[in-house]
Amino acid sequence: MTKLWGGRFSAAGGTKAVKFTASLPFDQRLWREDIAGSRAHAAMLVEQGILTPEDGAAIAHGLDQVAAELEGDTFPFRIEDEDIHMNIERRLVELIGPAGGRLHTGRSRNDQVAVDTHLYVRREIDAALAGLNRLQEVLLARAEEYQGVILPGYTHMQRAQPVLLSQHLLAYFWMLERDAARLEDCRRRADVSPLGAAALAGTSFPIDPAASAAKLGFSGGVYQNSMDAVSDRDYVLEYMSAAALIMTHLSRLAGEMVLWSTQEFAFVEMDDAYATGSSIMPQKKNPDTMELVRGKAGRVYGNLLALFATVKGMPLAYNSDFQEDKEALFDTVDTLLACLEVMAGALATVKARPERMLAAATEGYLGATDLADYLARRGLPFREAHGVAGRAVRYCIEQGKNLADLSVAELGQFSPLADESALTCLQPRAMVEARRSSGGTAPPEVERQIAEARRRLAARSR
Ligand code: ARG
């Protein structure tokens with residue numbers, strides 16, 4: 001079988017080289033973008049008088065047929081045609097004859113694959129934004145539902161100070177809010193058309209790249225430089241970097257869900273739909289979905305690093321190395337969207353166990369800071385107050401009691417400044433309510449965050 005570019009070649013390529021160079025097995029997924037790009041290009045060629053309206057109409061009709069075959073899974077793919085771009089072009093010529101051969105006027109596969117990838121990344125950024133939005137909605141809804149539930153906040157994985165469960169959940173909301181902003185920002189740079197750059201230097205045909213860009217909805221217009229246009233993969237790397245950071249956040253949340261569903265913590269119970277059993281240990285209910293989200297962060301980092309390594313040191317302009325961007329990108333898209341979806345489902349259905357959380361917040365001397373703060377408010381320098389509270393904790397450990405269970409007389413041994421009002425401020429709820437500083441865990445501050453979070457989501461959905 002002859003190649004579309006076979007003119008210069010005396011023999012057909014060996015099958016090993018054909019298989020090795022082909023991107024068709026994976027770049028098939030770009031067929032919608034490829035057809036959209038071709039439609040816009042052909043329409044522009046007609047407007048510019050480069051193609052006759054008859055040829056333009058035949059191409060448009062032919063592309064409809066090709067799209068129908070691809071949609072209906074009847075498209076005759078041929079690996080010899082290397083990639084989705086040449087498969088579609090070959091099929092177009094088969095279906096409509098010589099007019100099909102005019103489609104590629106003033107275009108190269110280099111700007112063609114670039115425009116397809118821009119369209120694809122732009123669409124998948126939107127999909128990721130929608131996925132983030134759903135997960136943020138869930139976090140916010142659960143934060144609203146669990147207002148008032150108290151658990152220990154941790155530092156160094158040691159019980160530190162009591163916090164509201166809503167405060168804990170909202171911390172993730174804000175991480176994802178920054179992630180969404182990052183995606184929106186890199187979307188702007190993906191939203192620029194490379195079409196018209198042709199192979200690398202532009203074309204001698206009187207094309208109008210701004211017109212094809214407008215037809216494809218590129219709000220950022222066209223690239224300033226044709227060599228940059230065909231060899232820029234920054235927008236892919238930016239999307240993949242944003243994805244890596246989202247996965248970092250999801251893996252932290254997933255990791256906490258794994259921890260919280262242990263018997264030792266038992267702060268939550270995963271819904272059966274998001275857990276699995278063991279093939280040998282009947283008692284097990286494993287938080288597999290959360291372990292996998294945590295684990296899949298690794299492959300998203302790997303994809304990012306792989307593409308950085310590919311692009312590094314690459315001379316201008318297009319090089320076949322760029323074909324290696326696809327699998328890494330596609331795998332990141334699939335992994336990210338699947339993780340966002342499973343996280344939203346798992347978080348929407350997980351049950352908190354407020355009694356376990358409160359019990360944990362009641363034991364473990366979480367009031368030590370509040371005792372020190374109390375003494376400091378009564379005039380003791382904080383550093384000394386810290387020492388007094390530390391001695392009180394040591395006494396409690398020896399006596400096997402909680403700070404809040406000390407009598408006024410016992411407290412008085414440590415400092416004459418402590419009276420019964422010290423004991424009230426050592427209750428978990430009082431400790432939470434006291435932390436009214438901006439962004440703190442006190443209920444009014446958490447309510448303020450919830451209102452602000454609602455406002456942000458509403459602004460984004462506009
Ligand atoms: N299959 C190629 C890719 O994915 C398309 C561009 C190829 N251009 C070329 N001159 N070989 O990057």
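No lab work stands behind these numbers, since they all come straight from the coordinates. The structure presented is a predicted model; accordingly, all values stated were derived computationally and were not measured. Ideal geometry is used to build each Cβ from the backbone, glycine not excepted, and the neighbour counts take in all protein chains shown.
Between the helical axis of 443-461 and the longest alpha-carbon principal axis of the chain there is an angle of about 10 degrees. Of the peptides 63-75, 419-431, 243-255, 218-230, the order by per-residue mean of other Cβ atoms within 10 Å, starting with the highest, comes out as 243-255, 218-230, 419-431, 63-75.
Rounded to the nearest 0.05, what FRET efficiency is calculated for Glu355 and Ala201 with R0 set to 41 Å and r the Cβ-Cβ distance? That pair, Glu355 with Ala201, gives E of 0.05.
Measure out, as a whole number of angstrom, how far apart the alpha-carbon centroids of region 122-180 and region 190-259 sit. Here the answer is 29 Å between Cα centres.
Pair-distance distribution P(r) for region 221-328, from all Cα-Cα distances in 10 Å bins starting at 0: 13, 31, 22, 16, 12, 6, 0 percent. With the alpha-carbon atoms of region 384-462 aligned to their principal axes, the span from lowest to highest coordinate is 61, 23, 21 Å, starting with the largest.
Subtracting the Cα-Cα distance from 0.36 nm times the residue separation, let me have the gained length for Ala306 to Leu337 in nm, one decimal. Don't jump to the answer; show the numbers that get you there.
Numbers: separation 31, 0.36 × 31 = 11.16 nm, distance 1.99 nm.
Contour length minus the Cα-Cα distance gives 9.2 nm.
Backbone phi angles across region 96-111, fed through the Karplus curve with coefficients 6.51, -1.76 and 1.60 (θ = phi - 60°), yield HN-Hα couplings of 10, x, x, 4, x, x, 8, 4, 7, 4, x, 9, 10, 5, 5, 7 Hz in residue order; Gly and Pro are listed as x.
Rounded if a/c is under 1.5, else prolate if a/b is larger than b/c, else oblate: which is region 62-114, with a ≥ b ≥ c the root eigenvalues of its Cα gyration tensor? In terms of gyration-tensor shape, oblate.
Just to confirm the filter: which GluC sites (Glu not before Pro) across region 248-316 are DSSP coil and have at most 13 other Cβ within 10 angstrom of their Cβ? For GluC sites (Glu not before Pro) across region 248-316 that sit outside H, G, I, E and B with at most 13 neighbouring Cβ atoms in 10 Å, the list reads Glu264. Residue ranges 131-140, 49-58, 82-91 sort as 82-91, 131-140, 49-58 when ordered by packing (mean number of other C-beta atoms within 10 Å per residue, highest first).
Spacing of the modelled spin labels on Asp208 and Gln263, each 7 Å from Cα toward Cβ, amounts to 7.4 nm. Taking the longest Cα principal axis of the chain as reference, the axis of helix 368-377 is set at about 70 degrees.
At 10 °C and a viscosity of 1.306 mPa s, what translational diffusion coefficient does Stokes-Einstein give for region 312-462, taking Rh as the Kirkwood radius over Cα pairs? Give it in µm²/s as a whole number. Could you put the intermediate results ahead of the total?
Working: Rh = 20.3 Å.
It comes out at roughly 78 µm²/s.
Computed over neighbours whose Cβ is under 14 Å from that of Gly49, the net charge equals -3, Lys and Arg +1, Asp and Glu -1.
To check you understand DSSP bridge types, tell me what percent of the beta bridges within the chain (both residues inside) are antiparallel, rounded to 5. List each step's numbers first, then the result.
Working: 9 of 10 bridges.
Rounded to the nearest five, the antiparallel share is 90 percent.
Max-minus-min Cα coordinates of the chain on each principal axis give 100, 51, 39 Å, with the largest extent listed first.
Note on Phe382 and Tyr154: with the Förster distance fixed at 25 Å, the Cβ-Cβ geometry gives a FRET efficiency of about 0.65. Take Thr248 and Asp228, extend 7 Å from each Cα along the Cα→Cβ direction, and tell me the distance between the two endpoints in nm. Reported label-point gap for Thr248 and Asp228 is 2.7 nm.
A compact globular protein would have a Cα radius of gyration near 2.2 N^0.38 Å; the ratio found for region 59-191 is 1.76. Rounded to the nearest 500, the helix-only mean residue ellipticity at 222 nm of the chain stands at -20500 deg cm²/dmol, with each DSSP H run of n ≥ 4 adding -39,500 (n - 2.57). Taking Lys and Arg as +1 and Asp and Glu as -1, the other residues whose beta-carbon sits under 11 Å from that of Ala254 total 0.
Which value, in debye to the nearest 20, describes the size of the charge dipole of the chain about its Cα centre when Lys and Arg Cβ atoms bear +1, Asp and Glu Cβ atoms bear -1, and nothing else is charged? Walk me through the numbers before you get to the answer.
Details: 51 positive and 61 negative charges, 156 e Å.
Dipole size: approximately 760 debye.
Which residues does the label zone of Ser320 cover in region 184-220, counting backbone N under 19 Å from a point 7 Å along Cα→Cβ? Residues passing the 19 Å test: 199-200.
The length gained by stretching the chain between Thr21 and Glu71 to full extension, at 0.36 nm per residue less their Cα-Cα distance, is 15.5 nm.
Separation of the alpha carbons by more than 21 angstrom is noted, of Lys351/Lys401; Lys296/Lys326; Lys16/Lys296, for Lys351/Lys401; Lys16/Lys296.
Could you give the length gained by full extension between Arg448 and Ser407, i.e. 0.36 nm per residue of separation minus their alpha carbon distance, to one decimal place? Display every interim value, and only then the final one.
On the way: separation 41, 0.36 × 41 = 14.76 nm, distance 3.64 nm.
Length difference between fully extended and current span is 11.1 nm.
Placing +1 on the Cβ of each Lys and Arg and -1 on the Cβ of each Asp and Glu in the chain, which of Gln65, Ile35, Gln161 has its Cα farthest towards the positive end of the resulting dipole? Farthest along the dipole direction, towards plus: Gln161.
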